[in-house]
Amino acid sequence: MHGYWSLVIFTLLGQAAAGMLILSFFSRTADTSRAKAWAACILLGVGALASLEHLSDPTVSFYTITNVGTSWLSREILFVGLFGAGLLLWLITLNAWARRLAAILGLAFVYVMSRVYTIPTVPFWNSLFTYWLFLATSLLLGSSLLLFMDALAARKDPEKKATLLLGWYPVFIVLAFILQMLVIPLQLLLAQSPFSTYLLAWHLTLLLFGAALGPLLLIRNGVNEMLPGACRTCPCPLWIRAGIILLLIVAGEVCGRALFYSGYTWFGM
């Protein structure tokens, strides 16, 4: 399992960047702040660099792209470049159309990444559950990152804080969590050998607190702020609450992705 930590970092950071863009696709206005564009670029860049460690000789990584016509791994590398180019275009222009183009490339990147793992020699990976799992992770990480960044930007804006509490990000976090909870038990049914109950327990526990209870409490606080007489609201600043949610989700996803890669040791040929 230790040999796959570079891929854990690459897939999670790449999917986080893609999730940020996918969730911003339907926004009608251009984001005038470069913070989110920089964050997505840095996440993808660090993830791509981490993936090089999995190669026996990173200096020949260029040649892995030569089989685009037949290899999903080569296509994954191609879409890392295309998605990165889309992010840079958005970073430079900050146009809504550039952001939507990057979002489309990000969704394609997640799909191609999923195809890399749907191989017959590893039945635990070779199913539609892998696609849904990667998409759910993208939405979960992307929405929690966007919530945290917007909460940081709204520290001195009470109206924007209330909008975030009752906005779409907490809802997307909960929906992505529900999708994962539907997919994970079905995928584990494919495991014909013992799997790590330790990793599974931590994965489910961390996501339960970070992706279910946390966002629901935020929504509850938002309702309370609209009705001050209802009950006492949480005195903790929103950006701290959003940061705790983000940390719990990231930790849970690391455990979940480690569990995913441990599946190779069960069935790999």
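The values are calculated or read from the model by the stated rules, or taken from the named source; none is laboratory data. Note that the structure is a prediction, hence the values are computed from the model and not measured. Positions of Cβ are generated from backbone atoms using ideal geometry, with glycine treated the same way; all protein chains shown enter the neighbour counts.
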| Can you name the number of the only condition in (1) under 20 Å from the mean Cα position of the chain (by Cα); (2) farther than 17 Å from Ala16 by Cα; (3) part of a helix (DSSP H, G or I) that Trp125 fails? | (3)
| field | Pick from region 113-147, criterion of a type in the set (Ser, Thr, Tyr) and more than 29 Å from Leu213 (Cβ to Cβ), ranking: modelled with the lowest pLDDT | value | Thr121
| Of residues in region 210-269 being among the aliphatic types (A, V, I, L, M) and not in a helix (DSSP H, G or I), the one modelled with the highest pLDDT | Leu227
| said: So for region 147-166 (the condition being more than 25 Å from Ala35 (Cβ to Cβ), of a type in the set (Ser, Thr, Tyr) and in a helix (DSSP H, G or I)), does at least one residue qualify? | reply: no
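Output the residues belonging to region 210-221 that are among the hydrophobic types (A, V, I, L, M, F, W, C) and within 17 Å of the chain's Cα centre (by Cα).
Across region 210-221, the qualifying residues are Ala211, Ala212.
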